[in-house]
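One structure is given below, encoded as structure tokens.
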Amino acid sequence: MRRLPLSGLAEGARALPPEAARYVARVLRMRAGDALEAFDPRAGLVAEARIARVQGDDVDITVGSLRAEAPQPPLVLVQGYPKGDKLGDVVRDATELGATLVIPAICARSIARPDAAKAGAKAERLASIAAEAARQCGRTRAPEIAPPLPLSDALDLARAHAAHRFVLWERATAPLGPELSRVDARAGAAFVIGPEGGLADEEVERADSLGFLARSLGPVVLRTETAATAVLGAYRVLTFPPG
């Protein structure tokens, strides 16, 4: 069944917003009577819907009973606070790759620091990026984006969500790959990635004391945003259920 992202999903009759209407009428070429599944990525709601009218670029639908999507096992990314607009790119990729919680972490070697005066606008922008990425990839619920936290607090928060915990460190000697093949995704997983300057020794030691295993992604040093995409992509491939 075709799926359609629709903010403010509610039961009953409604006209589709212009962009969604054009997609239904021109791209999907749906007609009155056709069925689809509508979902709200912010609210995590889904419902069966039926096309009531298509006239040019105007589309009316009737939405059936709402239901909550089954919860996804926790997948947590602790991302060392990066420079520039990289955090938005990380949030977009993490959403597409199934993260349920993204925690920006202020680390000892973070070059950039959050601007308290712009915190509200930054949070809204990241939430918007996550919601849009969820709509694009068909996720029913966008991930939660935590406010920037000191790394110690970010580790505590991640620990509360996930049974399998890893810190990606360029000086680690054990590879991550064999560990991922043994992860029970239902128990949740968390990955910690440092900022551009990497993680300090004492930060890795703190993570280790909380049960985060220090593991390597290979012999080359990846950029912080590349590392996030690489590890979440590998996790998705290795833990996605067959069939």
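Looking across region 94-108, the residues that are touching a Leu at 6+ places or on another chain (Cβ under 7 Å) and either among the basic types (Lys, Arg) or surrounded by 19 or more Cβ atoms within 10 Å (Cβ to Cβ) (or both) come down to Ala94, Leu97, Gly98, Ala99, Thr100, Val102, Ile103, Pro104, Ala105, Cys107. Scanning region 156-206 for residues that are free of Cβ contacts under 8 Å to residues at least 24 places away in the same chain and either of a type outside the set (Lys, Arg) or in a helix (DSSP H, G or I) (or both) turns up Ala160, Pro178, Asp184, Asp201, Glu205.
Residue-by-condition table, conditions (1) more than 17 Å from Pro178 (Cβ to Cβ); (2) touching a Phe, Trp or Tyr at 6+ places or on another chain (Cβ under 7 Å); (3) at pLDDT below 95; (4) of a type in the set (Gly, Ala, Ser):
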site: Arg206; (1), (2), (3), (4): yes, no, no, no
site: Ser209; (1), (2), (3), (4): yes, no, no, yes
site: Phe212; (1), (2), (3), (4): no, yes, no, no
site: Gly218; (1), (2), (3), (4): no, no, yes, yes
site: Arg223; (1), (2), (3), (4): yes, no, yes, no
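Here are some conditions: (1) modelled with pLDDT of 95 or more; (2) surrounded by fewer than 20 Cβ atoms within 10 Å (Cβ to Cβ); (3) within 30 Å of Leu222 (Cβ to Cβ). Val90 meets all but one. Which one does it not meet? Of everything listed in (1) modelled with pLDDT of 95 or more; (2) surrounded by fewer than 20 Cβ atoms within 10 Å (Cβ to Cβ); (3) within 30 Å of Leu222 (Cβ to Cβ), Val90 misses just condition (2).
Residue count for region 197-224 satisfying the condition of being surrounded by fewer than 19 Cβ atoms within 10 Å (Cβ to Cβ) and under 21 Å from the mean Cα position of the chain (by Cα): 2. Taking the conditions exactly as written (in the same structural domain as Val102 (by TED's automatic domain parsing), under 18 Å from Ala108 (Cα atoms) and basic (Lys, Arg)), does Arg223 satisfy them or not? Criteria met by Arg223. Please verify whether Glu48 is closer than 21 Å to Thr95 by Cβ and of a type outside the set (Lys, Arg), treating the condition exactly as stated. Taking the combined requirement at face value, the residue does not satisfy it.
Residue check: is Ala13 modelled with pLDDT under 95 and not assigned by TED's automatic domain parsing to the domain that holds Tyr235? So Ala13 does not fit the description; no. Check region 80-103 and report whether any residue there is of a type in the set (Gly, Ala, Ser), part of a strand (DSSP E or B) and within 16 Å of the chain's Cα centre (by Cα). The answer is yes; a qualifying residue exists. Looking across region 38-56, the residues that are within 25 Å of the chain's Cα centre (by Cα) and over 17 Å from Ala142 (Cβ atoms) come down to Ala47, Glu48.
The values are calculated or read from the model by the stated rules, or taken from the named source; none is laboratory data. Quick caveat: nothing in here was measured; it's all calculated off a predicted structure. Positions of Cβ are backbone-derived with ideal geometry, glycine not excepted, and every protein chain shown enters the neighbour counts.
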